[in-house]
Amino acid sequence: MTRYTGIIDAYRSRLPLPPEAKAISLGEGRTPLIKLDNLVRHEGVEADIYVKFEGTNPTGSFKDRGMTMAVTEAVHRGAKAILCASTGNTSAAAAAYAARAGIKSFVLIPEGKIAMGKLAQAVVHGATIVQVRGNFDDGMRLVKEVSETSPVVLVNSVNPYRLQGQKTAAFEIVEALGEAPDYHCLPVGNAGNITAHWIGYSECAGTGTQACLLCKGNCTFCQTGSTPKRPKMIGYQAAGSAPFMRGAAVKNPETVATAIRIGDPQSWDPAWIVQKESGGWFDECTDAEILACQRLLAEQEGVFCEPASATSLAGALRDLKSGKIPAGSTVVCTLTGNGMKDPDIILKGGFPAMIEVDAVKSAVERVLVDRL
Ligand SMILES: *Cc1c(COP(=O)(O)O)cnc(C)c1O
C-alpha cells in the first residue's frame, strides 16, 4: 500500500500509544526539506541550509504532528472534548482534529493579535471560540485550571503526547539527510517544539534525553537508535518576547510574530536541558529582521512562511555571517507555519500598485513589453 496516512501509521512502533488506539489523522507529516540554493548565494554564506517546511501540514503548521497524537490518545481514553489556549495555530489544529474525531473543541484566544486565517480555521471547523481579555499566557493559566475540574482533555504542549508527535519531524530529517544536521534552528514560543525535536534526535541517536518528561531518556525508544550524531539546537525568539534571553518570564510580550508572542514558556525547564545537552544557544531577532527574512525567503526561493517561522532562518543567517555557526555547516531551519495564514502582515507592508488595463490583448502586451 502506498497511500500515506500520517505520522502515527508511519512511526507507530516509535510512539507511546496503546496498540488498539485508532489513529485520528489528516495525513500530517512528510513535509518537504528544501535546500536553499538561491538564498545562500544571495546572502553570501557558505553552508548547506535546508528548511523543513511545516506549513504544508493539513492545517498549515507543525501543530498537526502533535495534535494527531494528543487527539488519538484522548479519544482512546474516551474523551468527548478537548481544550487549548492558542495564539492561533494550536486552535486551528485542535478544531480540525476534533472535527475529524467527532468530538468538541474549546479554544481560548488572546484579545486581538490573532492572524485572520487561523481564526477562520477555528470558525470553519466548529470550535467554540472564547476570547480572553488578556494575552496567551493568561489563556494558558486558565486552561490548565479548567482542565483539572472539567471533563475536557488539555491539548496544549504540556500534554506530553503533543511532543511525542512533534518529534517525528526530527525522524524525517534524519531519514532525508542520512544523519542529523550540525545545527537545527527553530523559533521558540512555549519551547515545546525545540524540546520535541531534541527528543526525536536523541531517540535516533539511541541516547534519549533528560528533556523528555515521559521517560527522562529511559524508555525503549531511547535505547534503540543507530544514527549517533545529534545537532546543536538553536532557539530564536522575537526580541519583544524573549524570556529565554532575559532569564525570566516577560510580562507583556510584543511582536509581529504572533505565534511566538509568549512571555511565560510552558517548556521552560526542558528547553534549558535541550540547550545544555546539545551545546546550542538561544538568541533573539527584531521584528524588522523577521519580516525582512520572510520576504527574502519568499522572493528568493518561492517559500511563503508566516512571520514567526522566519525567525529561525533570520537568526541562522546572522549567526552564519558572524561565524558563530561555522562555514561549511549543515543547518536545518524549521519553518513552523504557512504564510497564507497571515496575509494581512504582507499587504500591510505595502505592495506595488496594481496595473489596471482594458480587457484587450494589446493593453496586456504593453505591460509585458515595458518589463521584459
Ligand atoms: C506554535 C508555533 C511556534 C512556537 O512553537 P513552541 O513549541 O511554542 O515553541 C512557532 N511558530 C509557529 C508558526 C507556531 O504555530
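The values are calculated or read from the model by the stated rules, or taken from the named source; none is laboratory data. Bear in mind the structure is a predicted one, so any value in this text is a computation, not a measurement. Because the Cβ atoms are built from the backbone with ideal geometry, glycine has one as well, and the counts that use them run over all protein chains shown. We work out accessible area using only protein heavy atoms, side chains counted, and drop any ligands, DNA or RNA first. Shrake-Rupley method; radii C 1.70, N 1.55, O 1.52, S 1.80 Å.
Can you find even one residue in the stretch 307-315 that is assigned to a helix (DSSP H, G or I) and away from the ligand (no atom under 16 Å from the Cβ)?
Checking the stretch 307-315: not a single residue is assigned to a helix (DSSP H, G or I) and away from the ligand (no atom under 16 Å from the Cβ).
Is it the case that the stretch 325-348 has a residue that's in contact with a helix residue (DSSP H, G or I) (Cβ under 6 Å, 6 or more places away or on another chain), at pLDDT 95 or above and more than 24 Å from Gly29 (Cα to Cα)?
yes
Inside the stretch 244-282, can you point out the residues that are surrounded by 22 or more Cβ atoms within 10 Å (Cβ to Cβ), of a type outside the set (A, V, I, L, M, F, W, C) and under 25 Å from Tyr201 (Cα atoms)?
Pro265, Ser267, Pro270, Ser278
Looking for something surrounded by fewer than 21 Cβ atoms within 10 Å (Cβ to Cβ), within 16 Å of the ligand (Cβ to nearest atom), modelled with pLDDT of 95 or more and under 14 Å from the mean Cα position of the chain (by Cα) - is there at least one such residue anywhere in the stretch 49-69?
yes
Name the residue that is nearest to Lys63 (Cα to Cα), counting only residues in the stretch 147-158 that are away from the ligand (no atom under 16 Å from the Cβ) and polar (S, T, N, Q).
Applying the filter and picking the extreme gives Ser147.
Just one of Leu335, Leu313, Leu317, Leu297 is surrounded by 22 or more Cβ atoms within 10 Å (Cβ to Cβ) and in contact with a Ser or Thr (Cβ under 6 Å, 6 or more places away or on another chain); which is it?
Result: Leu335 is the single residue among Leu335, Leu313, Leu317, Leu297 that is surrounded by 22 or more Cβ atoms within 10 Å (Cβ to Cβ) and in contact with a Ser or Thr (Cβ under 6 Å, 6 or more places away or on another chain).
Does at least one position in the stretch 21-34 carry a residue that is surrounded by 16 or more Cβ atoms within 10 Å (Cβ to Cβ), within 16 Å of the ligand (Cβ to nearest atom), acidic (Asp, Glu) and closer than 16 Å to Val155 by Cβ?
Yes: the stretch 21-34 contains one or more residues that are surrounded by 16 or more Cβ atoms within 10 Å (Cβ to Cβ), within 16 Å of the ligand (Cβ to nearest atom), acidic (Asp, Glu) and closer than 16 Å to Val155 by Cβ.
With a cut-off of at least 3 residues that are open to solvent by less than 30 Å² (accessible area, probe 1.4 Å) and more than 14 Å from the ligand (Cβ to nearest atom), name the helices (runs of 4 or more DSSP H) lying wholly within the stretch 159-239.
168-177, 192-205
Taking Ala127 as meeting all but one of (1) within 14 Å of the ligand (Cβ to nearest atom); (2) small (Gly, Ala, Ser); (3) crowded, with 23+ Cβ neighbours inside 10 Å, write down the number of the exception.
(1)
When you check Asp264 against the structure, is it part of a loop (DSSP other than H, G, I, E, B), modelled with pLDDT of 95 or more and within 16 Å of the ligand (Cβ to nearest atom), yes or no?
yes
Name the pairs whose Cβ atoms lie under 6 Å apart, with the first residue in the stretch 223-236 and polar (S, T, N, Q), the second open to solvent by 60 Å² or more (accessible area, probe 1.4 Å), and 6 or more positions between them or separate chains?
From the stretch 223-236, the pairs are Thr227/Glu179.
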